[in-house]
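A.B. asks: After the structure tokens below, expect a handful of questions from me.
The values are calculated or read from the model by the stated rules, or taken from the named source; none is laboratory data. For clarity, every value in this text was computed on a predicted model and none was experimentally measured. Note that we place each Cβ from the backbone using ideal geometry, even for glycine, and neighbour counts take in every protein chain shown. Heavy atoms of the whole protein, side chains included, go into the accessibility calculation; ligands, DNA and RNA do not. Shrake-Rupley method; radii C 1.70, N 1.55, O 1.52, S 1.80 Å.
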Amino acid sequence: MMYSSRRKPVLYFKEERRFLSSKCTIYKLFALCMVLVLVSLLWLQLSCSGEMSSAVHDDRRITQQQQQPPCPNSQPSAVDNLSWGSHKLALIVPFRERFEELLVFVPFMHTFLNKKKIRHKILIINQVDHYRFNRASLINVGYLESGNDTDYLAMHDVDLLPLNEALDYGFPEEGPFHVASPELHPLYHYKTYVGGILLLTKRHYYMCNGMSNRFWGWGREDDEFYRRLRKAELQLFRPSGITTGYKTFHHIHDPAWRKRDQKRVAAQKQEQFKVDPEGGLTNLLYQVESRQEMTISGAPCTVINTKLECDQNQTPWCVLA
């Protein structure tokens, strides 16, 4: 391949005028032309060979770089350091279309838990169907999909970040531990509140039959779960000795930007205050569309794309008319 910017070599001959004028014949001119052509071809071949060799070398180097997987963080992950203890946390995040918050949440929580030497994995349960958001059902999915390598879970909102390192995320052996207690949560302060961040063992979650699947849209599923905790006779624990008050957490939700679905459709207004005696893990209907392992700023997480199913004869408010 010839490059337009490349300069061709120029050959100089001494006494060229005298040579041509005195003994110039047609054969000598032909021979001279052939020599010039051969020299030009030889130079061109050497030049192109050098360029091609350099190009092949560059291509091989690029190909080798492309074959190497991207590595946003060269530091090894510490999410499963066995020296930190025998327990492992499944951090379950019910999620839909709040990517700006997720980009902040995952690396923040990964760093926070590593500092506290909490073995963990972060599960983003992403609702991809066309029904209204169902936080409780997504947490049920997270419990079922969390694997046998974890023995307790955190029901964790994506917009709530713990700022006080004294907050306990350890194994709640004695009973459910409400990290975002009413005395500390920046918004919700009523005594029966158990939302935001709640830790409990998998055994205790199973004893409650998980959470009710009847709550489509925003709110009330935590209040119903509080009643399940009482029915299962589980003692609820909350933080003590935390002096940061309502500044203990950073609430990154912007209500002006992301409106919550607080509509109450059909009989939903009456049903939202009732206890669901049978529903939960036993009647959960869902499909896992895909699982994706990813890192955000070096922090690993698993995104479980989930399609929930709705029996509209039982809960017609799963869709907005």
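A.B. asks: In the range 127-149, how many are open to solvent by 20 Å² or more (accessible area, probe 1.4 Å) and of a type outside the set (D, E)?
C.D. replies: Number satisfying all stated conditions: 9.
A.B. asks: Against the definition (surrounded by fewer than 24 Cβ atoms within 10 Å (Cβ to Cβ) and modelled with pLDDT of 95 or more), how does V93 come out, yes or no?
C.D. replies: In short, no.
A.B. asks: Quick one: in the range 236-294, of everything that is among the charged types (D, E, K, R) and at pLDDT 95 or above, which residue is least open to solvent (accessible area, probe 1.4 Å)?
C.D. replies: Going through the qualifying residues, I end up with R238.
A.B. asks: A further question follows. Can you tell me which residue in the range 124-159 is nearest to C301 (Cα to Cα), limited to those that are within 18 Å of the chain's Cα centre (by Cα), of a type in the set (A, V, I, L, M, F, W, C) and not in a strand (DSSP E or B)?
C.D. replies: Restricting to residues being within 18 Å of the chain's Cα centre (by Cα), of a type in the set (A, V, I, L, M, F, W, C) and not in a strand (DSSP E or B), the top hit is V158.
A.B. asks: Further, regarding this structure: Tell me which residues, restricted to the range 185-233, are of a type in the set (A, V, I, L, M) and either assigned to a helix (DSSP H, G or I) or surrounded by 18 or more Cβ atoms within 10 Å (Cβ to Cβ) (or both).
C.D. replies: Hits for the range 185-233 are V194, I197, L198, L199, L200, M207, M211, L229.
A.B. asks: Now, a different point. Starting from the range 297-321, take each residue that is of a type in the set (D, E) and list its partners that are open to solvent by less than 10 Å² (accessible area, probe 1.4 Å), counting only C-beta distances under 9 angstrom and pairs at least six apart or across chains.
C.D. replies: D311/C318
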